[in-house]
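The values are calculated or read from the model by the stated rules, or taken from the named source; none is laboratory data. Quick caveat, the model's predicted, so the values are computed rather than measured. Cβ placement follows ideal geometry from the backbone for every residue including glycine, while neighbour counts extend to all protein chains displayed. All accessible areas refer to the heavy atoms of the entire protein, side chains included, with ligands and DNA or RNA removed. Shrake-Rupley method; radii C 1.70, N 1.55, O 1.52, S 1.80 Å.
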Amino acid sequence: MKTREIAEFLRAELVGDGDVEIDRVAALECASTGEIAFLEKADVEIETRASCLIVPSGFLREVSHPVIRTANPKLAFSRVAALLHPTPKTAPMVHPSALVRESARIAEDAVIGPFVCVDDYSTVGSGTHVHAAAIVGRNVHIGNDCIVHSNVVIEENCSIGDNVILHPGVVIGSDGFGYVADDRGEHHKFPQIGTVVIENDVEIGANTCIDRGALGETRIGQGTKIDNLVQIAHNVQIGKRVIIAAQTGISGSTVIEDDCVIGGQVGMGDHAVVKSGAVIGSKAGVLPGKIVRPGVWWGTPVQPLDEYKVQNANVKGLARLKDKIKRLEAELKALKSRP
Amino acid sequence: MKTREIAEFLRAELVGDGDVEIDRVAALECASTGEIAFLEKADVEIETRASCLIVPSGFLREVSHPVIRTANPKLAFSRVAALLHPTPKTAPMVHPSALVRESARIAEDAVIGPFVCVDDYSTVGSGTHVHAAAIVGRNVHIGNDCIVHSNVVIEENCSIGDNVILHPGVVIGSDGFGYVADDRGEHHKFPQIGTVVIENDVEIGANTCIDRGALGETRIGQGTKIDNLVQIAHNVQIGKRVIIAAQTGISGSTVIEDDCVIGGQVGMGDHAVVKSGAVIGSKAGVLPGKIVRPGVWWGTPVQPLDEYKVQNANVKGLARLKDKIKRLEAELKALKSRP
Amino acid sequence: MKTREIAEFLRAELVGDGDVEIDRVAALECASTGEIAFLEKADVEIETRASCLIVPSGFLREVSHPVIRTANPKLAFSRVAALLHPTPKTAPMVHPSALVRESARIAEDAVIGPFVCVDDYSTVGSGTHVHAAAIVGRNVHIGNDCIVHSNVVIEENCSIGDNVILHPGVVIGSDGFGYVADDRGEHHKFPQIGTVVIENDVEIGANTCIDRGALGETRIGQGTKIDNLVQIAHNVQIGKRVIIAAQTGISGSTVIEDDCVIGGQVGMGDHAVVKSGAVIGSKAGVLPGKIVRPGVWWGTPVQPLDEYKVQNANVKGLARLKDKIKRLEAELKALKSRP
């Protein structure tokens, strides 16, 4: 692809030679001939051997290689990367080793890899690739243009939208963790007969688990991205465009509204509500039933970041506080013994 | 099933029409015709379209639909759900694609799904269902009426009781994490040649890992329930009827006695002992070797919940404490300068 | 094996009968006839029925059974265990159910288990055993004498050294978690087209995930050992002989230098650097960009262990501090009201 074509694709302004051939994206520091890189800030000193740079609109310096100016260089770079490094397409097929039940319907241009199982009444949409050894249970519906990686398990009755990516080892629709104790303290399984609904454009990281609703559904909203090793319990409702980093755990029936950002290793009790746009820092803990308002939250139990910082500083200042009190005691004693 | 039959099955008192047909359980808010729901507290205002309600014994109001009175409505509801929504039974079979070694013994009425491997000398008990692509190592014994979900791996020499449920991606019998450093700081594997014993009625959540004993065994006691993504290290001993929520990690040789409840994301050091009936709150940290007595524990390192609350309040009060000290200093200064 | 042969193998001093037959290792407390155990400290009272004991050099007591004296008994014991309990060797084969692409190269003495997939251009080295249902993507290189357990997934272009152990459910080379938001708050995938390099002698625990580099590589250094359910994000660089305990999560581009020890459930922000030899306690939190110097670190955010202890004591002492202030206030009041 030529630099001119890339600029056109991005609808962005090209400065310099439009005929330079680009065939790969690369990081600024390691880029070399034939590669395009990007620069996030206009005023950074750079030295690169990239053949082309995507730069912020405010980048006005003269450089030896062609540059493409755009408002959001990182986004533009991502779009160019998707263009130059498309996921290699496998020819449509149902691998002869796969086991697809007769009542299942596979779109003609889908790919069903080796050792895949697709159980009764399930459907796999157009352009979707189910990789080796993924297991699709009974009455599961997978939309179009999805990538279901190897060893994913989707249990019965769950539903996956279009353009969803499930990384290896993801489990969708395992039973929720719900028991009722009898008089003798023995735990009886509360019914876990609901479903999971994954909306369009969701991506779910490796070995993440999403339990089915106990009676209703667990839902992951459109455009939400979930990292590796995350736990989503039964009946959790996650809104649209939410970001959840690795190893976070969300307890039953908790609601996370649209556009929230949840750090890694966060823990949330059950029946909490995180209001739209809230940001929760890594390792934070949200108590059951808590309502987390918009803003940035930190710590266990969560508090506004500002308060958290003040409190942390106060704790760090405790040694000095103790000294002050000791001094006060001494002075007071001296004062008391004054005639 | 008719309301009368459900009441008889529960040995509970029916008030109202005994001939109403019930075919599903549902949550109170979304239940409709043909569905049965439950009410946990007698004094809650309800509006439901359920055809029948299971209610506490103290529920005496007159309502338009039949009610079933019982001491523990949630438990009764769970039992009815198990009756109305049984796990669909697959006809006994060894799927032709499964690989069962000749020396392995599979009960006649077991189900061995597609792509399952059962290695030498292993046994699978009566009524047990091993789902697609589960891997059963050498000399593994699985009892009766178990459900081994897809992609479970059970490594050699481990033993699983009756009525055990292993959710997708569970790993039983991976090597424990034990090394000995030599003079040069290189880590040599300490032997991990013990086993795992899972007693009857245990349920283990998706992608949870239970390591084999280094020399002895790792044991999970009868009726214990473990959530998703939990880590149980080598030689851990877990008692009966213990509850362990998601993403908790328990280090080597730690003992958890009967009837404990462990929250999510708890971390326990090695060689700790949690005494029978203790409750440990989510995200708590237990130091190595610590003995946790019965009671409710919270925080890192764990302390009794009452102390934890007081301490938290004290920390929150630090700003006020600092003010007080400032005032004392000022007053003392004023006093000192008095003639 | 005779006690004499074991002592010779260890180049250690045997005291007592050299003709005793040993066929198993065991823990001190449960050892019996034919078994060898070890003692870490010379001055511990012991009562064992082991047929031989490996003891510290300073152990001079007379006991009824033969002893082998050595500087590091636990290491010696581990070496004897590896000798007496070798991983059972399977005869070299490619199982007929495995799918190995024509362009892939499998060493003659490798073992490829049932339902394994090896994709185009990949290689499996000499003596390596790929267990049932492991999935090896395109252009993956696995060295010699590796053990790849069941249900491991290695995605395309990743590289595994010699003598590496990957436990069940490990995922190598899943996409990193990187997105760029557009004006409307929608998240676009930042390219995740780098690789993972696992050097020699690494062991990785069950269900651990190691993401590929976004543009460059994620690297795990020689001799590093990683426990179960650990998350290693894109572009993380881990040095040699590092120990990482279970459920720890390391964010993107963070560097952990050689010989560090990281406890369980630790969380590290992105772009942090942990300097060679640092020790980070379980559950600690490292902020993004933080440089953690050699020493022992604890808490969130991490601080030197000594400071952490003092701070913890200070917090615990808050109730007493409040009392002191109350007393000061009273005394001051009394003083002020003095004529």
All positions within the stretch A:308-339 that are within 13 Å of C:Leu335 (Cβ to Cβ) and surrounded by fewer than 12 Cβ atoms within 10 Å (Cβ to Cβ): A:Lys333, A:Ala334, A:Ser337, A:Arg338
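Here's the yes/no breakdown for (1) crowded, with 24+ Cβ neighbours inside 10 Å; (2) within 25 Å of A:Val100 (Cα to Cα); (3) facing chain C (nearest Cβ under 10 Å):
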{"site": "B:His95", "(1), (2), (3)": "no, yes, no"}
{"site": "B:Val100", "(1), (2), (3)": "no, yes, no"}
{"site": "B:Ala107", "(1), (2), (3)": "no, no, no"}
{"site": "B:Ala134", "(1), (2), (3)": "yes, yes, yes"}
{"site": "B:Val140", "(1), (2), (3)": "yes, no, no"}
{"site": "B:Ile160", "(1), (2), (3)": "yes, no, no"}
{"site": "B:Leu166", "(1), (2), (3)": "yes, yes, no"}
When every residue in the stretch B:207-221 that is within 9 Å of another protein chain (Cβ to nearest Cβ) and farther than 17 Å from C:Ala206 by Cα is compared, the one surrounded by the most Cβ atoms within 10 Å (Cβ to Cβ) is B:Leu215
Identify the residue in the stretch C:168-178 that is at the interface with another protein chain (Cβ under 7 Å from one of its Cβ atoms) and open to solvent by less than 40 Å² (accessible area, probe 1.4 Å) and, among all such residues, is nearest to A:Glu40 (Cα to Cα). C:Asp175
When (1) within 20 Å of the chain's Cα centre (by Cα); (2) surrounded by fewer than 24 Cβ atoms within 10 Å (Cβ to Cβ); (3) within 26 Å of B:Arg184 (Cβ to Cβ) are applied to C:Ala246, the one that fails is (2)
Does C:Asn200 qualify as being within 7 Å of another protein chain (Cβ to nearest Cβ) and either more than 20 Å from C:Val286 (Cβ to Cβ) or open to solvent by 20 Å² or more (accessible area, probe 1.4 Å) (or both)? no
Flag if A:Arg49 is more than 17 Å from C:Pro191 (Cβ to Cβ), outside any loop (DSSP other than H, G, I, E, B) and of a type outside the set (Ser, Thr, Tyr): no
Select from the stretch B:185-197 the residues that are open to solvent by 20 Å² or more (accessible area, probe 1.4 Å) and under 24 Å from the mean Cα position of the chain (by Cα) and write down the one among them that is farthest from B:Leu215 (Cα to Cα). B:Val197
Kindly check whether there is at least one residue in the stretch B:258-270 that is touching a Leu at 6+ places or on another chain (Cβ under 9 Å), free of Cβ contacts under 8 Å to residues at least 60 places away in the same chain and at the interface with chain A (Cβ under 10 Å from one of its Cβ atoms). no
Which is at pLDDT 95 or above and over 21 Å from A:Leu215 (Cα atoms), of B:Glu5, B:Glu62, B:Glu35, B:Glu21? B:Glu5
Tell me, which residue of the stretch A:31-48 that is among the hydrophobic types (A, V, I, L, M, F, W, C) and more than 27 Å from the chain's Cα centre (by Cα) is surrounded by the fewest Cβ atoms within 10 Å (Cβ to Cβ)? A:Val44
Conditions (1) touching an Asp or Glu at 6+ places or on another chain (Cβ under 6 Å); (2) facing another protein chain (nearest Cβ under 9 Å); (3) of a type in the set (Gly, Ala, Ser): number failed by C:Gly252: (2)
Identify the residue in the stretch C:49-84 that is under 28 Å from the mean Cα position of the chain (by Cα) and among the small types (Gly, Ala, Ser) and, among all such residues, is most open to solvent (accessible area, probe 1.4 Å). C:Ala71
Selection from the stretch A:304-325 of residues more than 9 Å from chain C (Cβ to nearest Cβ) and either in contact with a helix residue (DSSP H, G or I) (Cβ under 7 Å, 6 or more places away or on another chain) or in a helix (DSSP H, G or I) (or both) yields A:Leu305, A:Asp306, A:Glu307, A:Tyr308, A:Lys309, A:Val310, A:Gln311, A:Ala313, A:Asn314, A:Arg320, A:Asp323, A:Lys324
Could you identify the single residue in A:Asp182, A:Asp145 that is surrounded by fewer than 24 Cβ atoms within 10 Å (Cβ to Cβ), at the interface with another protein chain (Cβ under 7 Å from one of its Cβ atoms) and over 20 Å from B:His131 (Cα atoms)? A:Asp182
On the basis of being surrounded by 19 or more Cβ atoms within 10 Å (Cβ to Cβ) and either within 19 Å of C:Gly252 (Cβ to Cβ) or out of contact with any His (no Cβ under 7 Å at 6 or more places or on another chain) (or both), does A:Gly295 make the cut? no
